Amino acid sequence: MKDIYSHIEDHVDESIEQLFELVRQPSISAQKLGFDKAPGLMKDILERNGFEAEIVQVPNNGLPTVYGYLPAATNPESAPTLLFYCHYDVQPVDPLDLWDTDPFEPTRVGERLYGRGISDDKGNIGARLAAIRAFRDVRGGLPCNIKMFCEGEEESGSINLPDLIAERGDDFRADACIWEGGGRNLNGDPFMYMGLKGVLGVGLSVRMLSGDAHSSYAAILPSAPWRLLRALATIKDEDERILINGFYDAIVEPSAEAVAAVEALPDDAPEWLDTFGVKSFVNGLDGEDLRKQLTFQPTANITGLDSGYQAAGQKTVLPALAKAKMDFRLVPEQRPRDIFDKLRKHLDKHGFEDVEIQILGAVNPYRTSLDSPWVQLVAETAEEIYGRKPVMTPNMAGTGPMFDFGETLGMPIATSGIDHPSHKIHAPNENITVEDFLLGARHAALIIDRFASDWG
Ligand SMILES: [Zn+2]
């Protein structure tokens, strides 16, 4: 692999220039910003790297996926196929005043490169393309078929992905899949994760009056915010137990290996306390119990509350309407639709038939087993690249559409990437170091090589 690694290093400036080109093009899915040009640029960059590329229209007028196929140099019909899942959309840049540089003018300061999406996930796209380019230049082509699936609305909850997979899933099928997410943690150990929580996002609203009233009428008229607060208060008790009937029913106990993996994870509790400015965690959790709670337990979280007057001074008003948004992070094998139905029944049972609920997002949870041969193979390559055994997390506490590839399309999935906790993804001053980029590119190259020789 020396020839490939040297090529990646010798051409790192060009690879970074290509990454800068991607970052310079805004692609904020939440605001549908930049999508007149972003899919075309993504397609163009894949084509420049030898791919047959296509802008894939997504059902329900979703933001397009960009898909690329690069056949193996010899006998592509019999060669195995590896799929890289990536996304070219990014998070909003607000608050803009906390950025030290223009988020869409990538800037190098020493060994750190700044810009929105430069780590999540354009950095992964760039690192993978650097590895692919090395094979083409040094070896005259790829030892396996490569598919690149670059989603355009991952940061908006991949809401149309299940429909796209139902419609065109066969085109994206491969013998194995590499997900985003992976890299190094704070003490320099490589890390991988085997799954992601799912999510159900809902909006709740209750209207009690045809319009806002003078607050003196509070003596005789019903209050929408009080009503909504009472409804919300029935969902979770003070010990964090979610009270929706059957909420926990579908949960599968994590395997002994998964539990052991979480027990072995580093203790980040002191840092979290510091970062979030709290003295303790809910229910006094700490140590292994804290990590198990974060990894294996679902949540019922209020993400927003809105009613009445919040501007300067006082307005004596009785609000007609109250609204809230919630997200429920789900664990295997909970299903968002089922939880939604149970939430509806729960509110009805408590006499809150008038509280309207609307689904805002739904992603199934997914977890692959730690002893999956594909996970083992990728873990071995991580150890070769980083010189240490990877830290294995059964699932992230966050959400992504792994289910659609792992379960619906039945592909084994493992993660690899350019991540480091200092990258400030989703936040102002998102960045990446040249070293993280190079490590991610080398790891992608070794995965391609090992996949072609040992997996097909
Ligand atoms: Zn991402």
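Helix 38-48 versus the longest principal axis of the chain: what is the Cα-based angle in degrees, 0 to 90, to the nearest 10?
20 degrees
Counting other Cβ atoms within 10 Å, keep those with at most 15, restrict to DSSP loop, and tell me which GluC sites (Glu not before Pro) in region 6-97 are left. It would help to have the intermediate numbers written out before the result.
On the way: sites: 9, 14, 17, 21, 47, 52, 54, 77; in loops: 77.
Sparse-neighbourhood loop GluC sites (Glu not before Pro): 77.
Per residue, how much accessible area does the chain show when a 1.4 Å probe rolls over the protein heavy atoms, in square angstrom?
Solvent-accessible surface per residue comes out at 44 Å².
Which percent of Cα pairs goes in each bin when the distances of region 1-157 are cut into 5 angstrom slices starting at zero?
2, 9, 18, 21, 19, 14, 10, 5, 2, 0, 0
Which lysines, if any, have their Cα less than 28 Å from the Cα of residue 2, not counting same-chain residues under 8 positions apart?
Output for residue 2: 122, 147, 389.
Separation between the residue 107 and residue 422 pseudo-spin-labels, each 7 Å from Cα along Cα→Cβ, expressed in nm?
For residue 107 paired with residue 422, the spin-label model returns 1.8 nm.
Carbon-plus-sulfur fraction of the accessible area of region 198-363, 1.4 Å probe, in percent? Don't skip to the end; give the middle numbers.
Details: 4840 of 9540 Å².
C and S atoms contribute 51 percent here.
State the answer as a single residue: which of 321, 408, 397 lies farthest towards the positive end of the charge dipole of region 318-412, with beta carbon charges of +1 for Lys and Arg and -1 for Asp and Glu, about the Cα centre.
321
Can you work out the Karplus-derived ³J(HN,Hα) for every residue in region 230-236? Use 6.51 cos²θ - 1.76 cosθ + 1.60 with θ = phi - 60°, whole Hz, and x for glycine or proline.
5, 5, 4, 5, 7, 7, 9
For the chain, max minus min Cα coordinate along each principal axis, in Å, sorted largest first?
Principal-axis extents of the Cα atoms in the chain, largest first: 81, 47, 45 Å.
On a C-alpha basis, how far is the centre of region 176-252 from the centre of region 341-403 in Å? Whole number, if you could?
Between the Cα centre of region 176-252 and that of region 341-403, the gap is 16 Å.
Report the GluC sites (Glu not before Pro) located in region 349-418 that are in a DSSP loop and have at most 13 other Cβ atoms inside 10 Å of their Cβ, or state none.
Sparse-neighbourhood loop GluC sites (Glu not before Pro): 353.
Classify region 1-73 as rounded, prolate or oblate, taking a ≥ b ≥ c as the square roots of the eigenvalues of its Cα gyration tensor: rounded when a/c is under 1.5, otherwise prolate if a/b is larger than b/c and oblate if not. Write out the running numbers ahead of the final one.
Working: a/c = 3.26, a/b = 1.66, b/c = 1.97.
It comes out oblate by the Cα gyration axes.
Give me a comma-separated list of calculated 3J(HN,Hα) values for region 53-65, in order, Karplus coefficients 6.51, -1.76, 1.60 applied at θ = phi - 60°, integers in Hz, x for any Gly or Pro.
Result, rounded to whole Hz: 10, 8, 8, 8, 5, 9, x, 6, 6, x, 6, x, 8.
Assigning unit charges at the beta carbon (Lys, Arg +1; Asp, Glu -1) and nothing else, what dipole magnitude in debye, to the nearest 20, does the chain show about its Cα centre? Let's see the in-between values first.
Values: 43 positive and 71 negative charges, 228 e Å.
Dipole of the chain, to the nearest 20 debye: 1100 debye.
Given H placed 1.01 Å from N in the peptide plane, which residues other than close sequence neighbours of residue 183 have an amide H under 5 Å from its amide H?
Here 191, 417, 419 satisfy the definition.
Students often forget the sequence filter, so: which lysines lie under 30 Å Cα-Cα from residue 349 once same-chain residues fewer than 8 apart are removed?
Once the sequence-local lysines are set aside, what remains near residue 349 is 197, 236, 323, 325.
Report the extension gain between residue 276 and residue 138 in nm, rounded to one decimal, defined as 0.36 nm multiplied by the number of residues separating them, less their alpha carbon distance. List each step's numbers first, then the result.
Details: separation 138, 0.36 × 138 = 49.68 nm, distance 4.78 nm.
Gain on extension, residue 276 to residue 138, equals 44.9 nm.
Can you work out the Karplus-derived ³J(HN,Hα) for every residue in region 68-84? Use 6.51 cos²θ - 1.76 cosθ + 1.60 with θ = phi - 60°, whole Hz, and x for glycine or proline.
Each residue's phi maps through the Karplus curve to give x, 10, 10, x, 4, 4, 10, 6, x, 5, 9, 6, x, 10, 10, 9, 9 Hz.
Working from Cα positions, state the angle (0 to 90°, nearest 10) between the long axis of helix 287-296 and the longest principal axis of the chain.
Helix 287-296 and the main axis of the chain meet at about 90 degrees.
The values are calculated or read from the model by the stated rules, or taken from the named source; none is laboratory data. Owing to the predicted nature of the structure, the values given are computational and were not obtained by experimental measurement. Note that each Cβ is placed from the backbone with ideal geometry, even for glycine, and that neighbours are counted across all protein chains shown. In case anyone asks, the SASA skips ligands and DNA or RNA and just uses the protein heavy atoms, side chains included. Shrake-Rupley method; radii C 1.70, N 1.55, O 1.52, S 1.80 Å.
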